[in-house]
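Asks: Before anything else, here's the structure in question.
What follows is calculated from the coordinates using simple rules that are stated; it is not laboratory data. None of these values were measured; they are calculated from a predicted model. Glycine also receives a Cβ, built like all others from the backbone with ideal geometry; neighbour counts cover every protein chain displayed.
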Ligand code: CTP
């Protein structure tokens, strides 16, 4: 029998706060209960009355609302929930969480809770990319706080980029996912043996992940590249590390934070990527998510190529090594070898052909005809010699976790 799950929703101040109303509705629709806590600045955007009506529960705003400890103390409020969700999480709120500041009800609850915390950031793109926020996100993740990646797009302030609150449906998926999962091992430090055996199915396994595009130099200032953001590969590396694996992430040029616990080797070109991947062998599994350039400039000019008055300079190309195919033939071939196939048409046929051609065990086929490259969601089909499994479109982090669970079924403890 499924027990009713209880969510404690902490709403920070920001224009995206209005979306928390929709999130409350979705959580309730799934049969869960929700108690809301709203910060002082959150109340500039949403009223406690609205949240009380939607949640059908009292809404808490002040630490002193809770002074009657016999009724509902802050410790009890932070502990009775199955999951704490911070949505939207402003840059300021995340900085306080990171520093352990407890100067209002929301931050006090976050410091007092013994439950998993899902943080859903929303802020201006420059605030999101600011080194201070990057540091805070990285540290929160190391502290086992689950920080979702914000969406990219046009912002309320008129700028464009990463920092939009993910859609409430995607947040709900993440909530369900976290409720269905065991807590990360570091939250179970009182029972390390249990954590390693039960909750870290990839403990003791080594996994290589490639991610991002490659850049193939034409001259000192120009290169051949593609639109890969690296997000899917980084999410896979993170999921593998969370499940206890030793992860070597060979990353092409991307601006992403290294997930906690992951060893990252940065490369530029396909040939450099091949060298690093081979250095990382042997491994129990390799997941080749990188969008490797098939061709490079046959010759890299030492000086910047100058524009000519007559005809444009033709660009001669040379074929790059196929890292995945060469790994399949390698004497230290990883036990489980997974390739990705980015396709814009005839996805399943092309993927099945790629599986045979590359000699890998699975192909994860994704349709990149929309905004998958750089976007936050992915819809994939897992092609193996036994057939095709199609997964519903989901946030890249959710796809990553599901894929790593499937990997753990094959190579895990
Ligand atoms: N791959 C690789 N080395 C290359 C090209 C691709 O390791 N030089 C890997 C990718 O990391 C991915 C898989 O092969 O896991 C398929 O990549 P994709 O670009 O879809 O396939 P290609 O072989 O390049 O085929 P095409 O571009 O014709 O679709």
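Asks: Along the Cα→Cβ direction, 7 angstrom out, place labels at residue 129 and residue 219. What is the inter-label distance in nm?
Replies: 2.7 nm
Asks: Taking all pairs of distinct Cα atoms, average 1/r, flip it, and tell me the Kirkwood hydrodynamic radius of the range 50-155 in Å to one decimal place. List each step's numbers first, then the result.
Replies: On the way: mean 1/r = 0.0674 Å⁻¹.
Over the range 50-155, the inverse of the mean reciprocal pair distance is 14.8 Å.
Asks: Ranked by Cβ crowding within 10 angstrom, fewest neighbours first, how are 323, 382, 208 ordered?
Replies: By the 10 Å Cβ count, ascending: 382, 323, 208.
Asks: Can you tell me the length gained on complete extension of the stretch residue 6 to residue 300, counting 0.36 nm per residue apart and subtracting the Cα distance?
Replies: Here the segment from residue 6 to residue 300 would lengthen by 99.9 nm.
Asks: Full-extension gain between residue 142 and residue 409, please, as 0.36 nm times their residue separation minus the C-alpha to C-alpha distance.
Replies: Stretched fully, the residue 142-residue 409 segment lengthens by 93.6 nm.
Asks: Using the alpha-carbon centroid of each, what span in Å lies between the range 149-172 and the range 11-43?
Replies: 16 Å
Asks: For the chain, what does the convex hull of the Cα positions come to per residue, in cubic angstrom?
Replies: Values: hull volume 68.9 nm³, N = 413.
Hull volume normalised by residue count: 167 Å³.
Asks: Over the chain, what is the percentage of antiparallel beta bridges among all DSSP beta bridges, to the nearest 5?
Replies: The answer is about 30 percent antiparallel.
Asks: Can you pull the one-decimal nm distance between simple spin-label points at residue 389 and residue 30, each 7 Å off the Cα toward Cβ?
Replies: 2.1 nm
Asks: Order these by the 10 Å Cβ neighbour count, fewest first: 228, 326, 390. Write down the numbers at each step before the final one.
Replies: Working: 228 26, 326 15, 390 12.
If I rank by nearby Cβ atoms, fewest first, I get 390, 326, 228.
Asks: Between residue 319 and residue 275, take the C-beta separation as r, use R0 = 25 Å, and let me know the FRET efficiency to the nearest 0.05.
Replies: 0.90
Asks: Then there is this: Using 0.36 nm per residue, how much length does the chain from residue 167 to residue 62 gain when fully extended, once their Cα-Cα distance is taken away? Display every interim value, and only then the final one.
Replies: Working: separation 105, 0.36 × 105 = 37.80 nm, distance 2.79 nm.
Length difference between fully extended and current span is 35.0 nm.
Asks: Over the chain, what is the relative contact order in percent, taking alpha-carbon pairs closer than 8 angstrom and at least six residues apart?
Replies: 11 percent
Asks: Averaging over all projection directions, find the projected area of the Cα convex hull of the range 325-413 and quote it in nm² with one decimal place.
Replies: Details: hull surface 24.7 nm².
For the Cα atoms of the range 325-413, the hull's average projected area reads 6.2 nm².
Asks: Treat the range 232-368 as a sphere of radius equal to its Kirkwood radius over Cα pairs and apply Stokes-Einstein at 4 °C in a medium of 1.567 mPa s; give the translational diffusion coefficient in µm²/s, rounded to a whole number.
Replies: Stokes-Einstein gives a translational diffusion coefficient of 77 µm²/s.
Asks: If you rank 146, 350, 395 by fewest surrounding Cβ atoms within 10 Å, what's the result?
Replies: Listing 146, 350, 395 from fewest to most nearby Cβ atoms yields 350, 146, 395.
Asks: Here's another thing I want to ask about it. Hey, what number do you get for the chain at 222 nm if only DSSP H runs of n ≥ 4 count, each worth -39500 (n - 2.57), divided across all residues, to the nearest 500?
Replies: Mean residue ellipticity, 222 nm, calculated: -9500 deg cm²/dmol.
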